[in-house]
Each structure stands twice: as C-alpha cells, then as structure tokens.
Amino acid sequence: MPTFDPANIFMWAYKFLGWWLTSLGLAPEFVLFVQLFAAIGMLATVVLLIPIFTIWLERKIAGRFQDRLGPNRTGPYGLLQSFADVLKLLTKEDITPHKADKWIFNLSPLFGVLSIITVWAVIPWASTMVGADINVGVLYLLGISGLGTIAIMMGGWSSNNKFALLGAFRAVAQLVAYEVPMIITLLIPVMLSGSMSLQSIVKAQGQMWFIVLAPFAGVLFFITSIAEIGRAPFDLLEAESEIATGYNIEYTGMKFGVWMLQEFSHAFAVGPLFATFFLGGWQGPYATEIPVLGIVYFMLKSFFGYFMIIWVRSTLPRIRIDHLMSLNWKFFVPVSLLALIVTALVDKAMSEFAPGTGVAGRAIVLFTANVLLVISVIIGIRNAAHAVRVKEEGDDHAEHGDAADSHDDHSAHPAPAH
Amino acid sequence: MQTDWLFIGIFLAIGLVFPAVPIVLAYFISPHKSNPLKNDTYECGIETVGEAWVQFKAQYYIFALVFVVFDVESVFLFPWAVAYKAMPFFMVFEGILFILLLVGALVYIWRKGVLEWA
C-alpha cells in the first residue's frame, strides 16, 4: 500500500486507487484506464466548476470598478448568482431555426468548450501534478485553440443567419490574426527553457521567472491572449449593441449557456497560461518539498492574471475592427519578431562570450535589452507618427501619435529596394 | 509517455460529453412549444431578405492567407527554439535570417496595401 503522504495528497490518492484496484485482481491496463478516468473526471469537474466562481468574482469586481456593488441579492454577497443564472438557462426553451444545419448547430458549442477544457490537460498544477506531461505541450496548446476557432465558425455558419455569419467571419479573422504574435511570443519561453513541455518550462523558472528575463514578451503574450479570448478592449465579437451578438445569435437556452461557459473558461484559462509561461507556474518557497503548496501558488498567480484581465476590461474602450487588424499586423507581429530576434541574440551572445554569468547577471542583461527594445519601439512609433502628420497636415508641431494608425509609412523599417 | 497521450485521448472524449450533460438536462426540463414564428431566422424584427449564406468579403481570405504564412513560419521556428540552448552561436543567425525573410514578406504586403480592411 503506498505510504500516506499528506504533502502530495492527490498523487497519493491516484496511486492508492491503482493499488486498491490491482489488489482486487484486475488487469493492469484496466487499472490504468480507471485511474486515468478518475483523474480526468476530477480535473474536468474542477475546470468546469471554476467558471461558476470566476463569473461571480468578475461581476463583483467589474461592479466595484464602476462604483457600484455587484450582485448581492441571491445568497450572501450574491454568491448564488451563477447558480440562479444556470437554473434560468436550463429552463429556457431551446429554439433551433428551422433551416439551420442541425448536427453542426448542436455540435459547435460542445467543440467550443472542448477546446478550452483540454487545455487544462497539459497545465502543471504542482511539481508532481500535471495531467499529461507531453514534450510538445506548447504545440498542443496552439492546435487546441485552433479547434476553438473552428467551433465559432461552425456556430456562425450553421445558424442560417446573415448576422451570425458575418459575426463569425469577424470573430475568426480576429482570433486567427492574434494567434500569430501569440505563437511568436510563446517561442521565447521555449527558447529560454529549451523545451516545449510546460512542466519543463515551469521547472526552468526555479531561479528567475521569465517575466524578468523577457518582460516585453510577457506583456505581448498577455495582450494577444486578451485579444484571443475576445475580451475588452477587443470584444467586438460580442458587442451586443454593434453587431447584434454575432455568432451566437440563434442559440438559446443551455446551448447559449455553454457558449458563455466557453467564453468565461477561456478568459480564466489565460491567467494560468500567463502564470505558467512567465510567472513561474507553481514555483514558490518550498514548492518542491510540499507539492500541495505548488497548487496554492499557482492559483494565486492565475487569479492575479485574471484580475488584470478584469481590470483591463473595465478600463479601456472598444477598438474598431480595422484598427484591431492594423494593430495586429502592423504593430504586434513586427514587434514580437523583433523581441524574438533580440532575445535570441542577447542570450546566446551572453552564454557564448561570458559563460560565467550567474542568474542575476543574465536577468539584468536581458531585462536591460528588453527596456532598450521598448524605448526603441516607442521612438520608432513617434517618428512614424511624426512623419505621417507632417505629410498630412504640412504641420511641424506633431505630438506622439498612437500605434493604431493604419498608414503604410513606417520609417523604422528598412525599406527593401523596389 | 503513452500514458500521457492516452490521458489526452480520454480527456477529449470526456470533454465532449461533459458539456452535453447540461444540454440534455435542459432538453428534459425546458418547454417545447415551437411555432413557425419562433423558429424563423432573426433579422432585427423584420422579415428576412435573401439567402443567409451571403458572399463574404475577399479581405477575410487575405487575412487568413497571411495568417497561414506566419503560422507555417512559426511551426518551422519551434525546433529552432527548442534546440536553442545547445546551438553554436552562428545558428542563431541562421534562424534570424529565416525570420528576416518573412519580415521582408510582411513589409512587401504592407506596402502593397494588402493589410487594409477596405
């Protein structure tokens, strides 16, 4: 019988289940199957129950940002509000438009939630607790988020509704566009840790979190993830007043509930991903000796990330669709490629020409390189905006322009001869 | 490692079943009183005009194309990033050369005016 280990209680329960089933005389493959099934059941349940709490949290915090109380009638402090909402959605009639494509119409919310739940299969909760420590974790994450994009397209297309279709096109265009800088900034933790497996990336942050070594990449990843989840200021996908709710127009009752579950779970998934890649995941004092502490640190960091998302949402206005696309292709993509090049060069130059630098020295050099990068990007934007204003107005007094101007004159780029 | 992929396989199957449970539950609890007016397509309260599957703007296609170019580039960059720590110094330049080729492509499509939303 596996010895009771309170510091590692979930893994002990897993091994205990295996030992108990084997002692009943079952075949080892079947025992493994039941173990995995139990683990997955617990993980999927926890992952689907967390949004119920985070929805309440978000409504309270967003309310406080807007100088009002959030829900406070249903239950103490409004804690039962999510349950009330779920009950309401369960009892609403499920209307399917009569010319809609029934199979795809019913499957698309399921695929949407599937793409979010399965992200949690590779996220490490503690030093010994990770669902599947595959060695291509980052690539798996990108593939799965592609599945979410397909689900939105399916929902919009099968609804047999012009608004849904246009909303789905816009949503897919935005999601697909912002995946590019997200992937490029994800390359930087992979570079700094030498592996695509998320558990290895977290373990490589034992000495220094990657947010110190690559702050610019971290902030870029955070911003592009907010665009990926369709949250303000990028929430044109669900801007009810503007495009009549977009792709989930024709969904009613619990199917709409499942779309909302997908949106809130996705919003919460960004916090843990940001914590894993840049804030050191489950790392913290005594996290390797007492794995359960790792879970506590991880949850603290991911809720911090989620709080930042709510903060940004309550503060910034919505960006227009053409500004959104220009911002991505003309600012985020070149700048993230630049960050990748600078980080690659500086880190390799340091390990090649100054192999003895310790952790602190490496952190200082990379941080300084990032700061210089940010300064040069700001100077580049200022010059570009200045040149644009001089061209447009013939006016010499130009202030610091904003990066979202969609003009194709960019003096910071070396123009190829043509 | 095979256990890991089995974990993901079972997770995909369970992930498809879990959200279906409340939908099936709602099917039993909710009323079913459909009439032709309710099942009609929504168009801000008026009768629908024309087919629903409208022609889409070609601009969406172009953005998807640009995305495919950069996605394939990043897929090629992943092995370079994983092997980064064990590489000699000049190999970083090789990767950067590859990135610069694609930055050149980005500048080309930028100046061609392909990235405008219109």
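The single condition among (1) part of a helix (DSSP H, G or I); (2) at pLDDT 90 or above that A:D67 does not satisfy is (1).
Okay, residues lined up against (1) surrounded by fewer than 21 Cβ atoms within 10 Å (Cβ to Cβ); (2) at negative phi; (3) not in a helix (DSSP H, G or I):
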| position | (1), (2), (3) |
| --- | --- |
| A:F264 | yes, yes, no |
| A:A267 | no, yes, no |
| A:V270 | no, yes, no |
| A:G280 | no, no, yes |
| A:T288 | yes, yes, yes |
| A:L293 | yes, yes, no |
| A:L327 | no, yes, no |
| A:A344 | no, yes, no |
| A:P355 | yes, yes, yes |
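Quick grid of which residues meet (1) facing chain B (nearest Cβ under 10 Å); (2) buried (at least 24 other Cβ atoms within 10 Å of the Cβ); (3) among the charged types (D, E, K, R); (4) not in a helix (DSSP H, G or I):
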site	(1), (2), (3), (4)
A:V113	yes, yes, no, no
A:N135	yes, no, no, yes
A:G143	no, no, no, no
A:G148	no, no, no, no
A:M154	no, no, no, no
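Scanning the range A:129-150 for residues that are among the aliphatic types (A, V, I, L, M), in contact with a Gly (Cβ under 8 Å, 6 or more places away or on another chain) and under 19 Å from A:A168 (Cβ atoms) yields a count of 0. May I ask you to verify whether A:P51 is within 14 Å of chain B (Cβ to nearest Cβ) and closer than 23 Å to A:G148 by Cα? For A:P51, the condition - within 14 Å of chain B (Cβ to nearest Cβ) and closer than 23 Å to A:G148 by Cα - is met.
If you go through the range A:86-106 and keep only what is touching a helix residue (DSSP H, G or I) at 6+ places or on another chain (Cβ under 7 Å) and assigned to a helix (DSSP H, G or I), you end up with A:V86, A:L89, A:L90, A:I104, A:F105. Restricting to the range A:159-168, what's the tally of residues that are surrounded by 24 or more Cβ atoms within 10 Å (Cβ to Cβ) and part of a helix (DSSP H, G or I)? The qualifying residues number 3.
With respect to the stated conditions, A:F298 fails to be surrounded by fewer than 21 Cβ atoms within 10 Å (Cβ to Cβ), modelled with pLDDT of 90 or more and closer than 30 Å to B:K85 by Cα.
Here A:L373 fulfils each of the conditions (1) aliphatic (A, V, I, L, M); (2) within 14 Å of chain B (Cβ to nearest Cβ); (3) touching a residue at least 12 places away in the same chain (Cβ under 8 Å) apart from (2). Among the conditions (1) surrounded by 13 or more Cβ atoms within 10 Å (Cβ to Cβ); (2) touching a helix residue (DSSP H, G or I) at 6+ places or on another chain (Cβ under 8 Å), B:F89 misses just one, which is (1). Residue-level check: of (1) farther than 30 Å from A:I117 by Cα; (2) modelled with pLDDT under 90, B:L101 misses just (2). Counting only residues that are closer than 23 Å to A:P334 by Cα and in a helix (DSSP H, G or I), the range A:200-234 holds 18 of them.
Taking the criterion of being without any contact (Cβ under 8 Å) to a residue 24 or more places away in the chain, facing chain B (nearest Cβ under 9 Å), under 30 Å from A:G294 (Cα atoms) and surrounded by fewer than 14 Cβ atoms within 10 Å (Cβ to Cβ), would at least one residue in the range A:9-22 satisfy it? Taking every residue of the range A:9-22 in turn, none turns out to be without any contact (Cβ under 8 Å) to a residue 24 or more places away in the chain, facing chain B (nearest Cβ under 9 Å), under 30 Å from A:G294 (Cα atoms) and surrounded by fewer than 14 Cβ atoms within 10 Å (Cβ to Cβ).
The values are calculated or read from the model by the stated rules, or taken from the named source; none is laboratory data. A quick note: this is a predicted structure, and the numbers were derived from the prediction, not measured. Cβ sites come from the backbone with ideal geometry, for glycine too, and all protein chains shown count toward neighbours.
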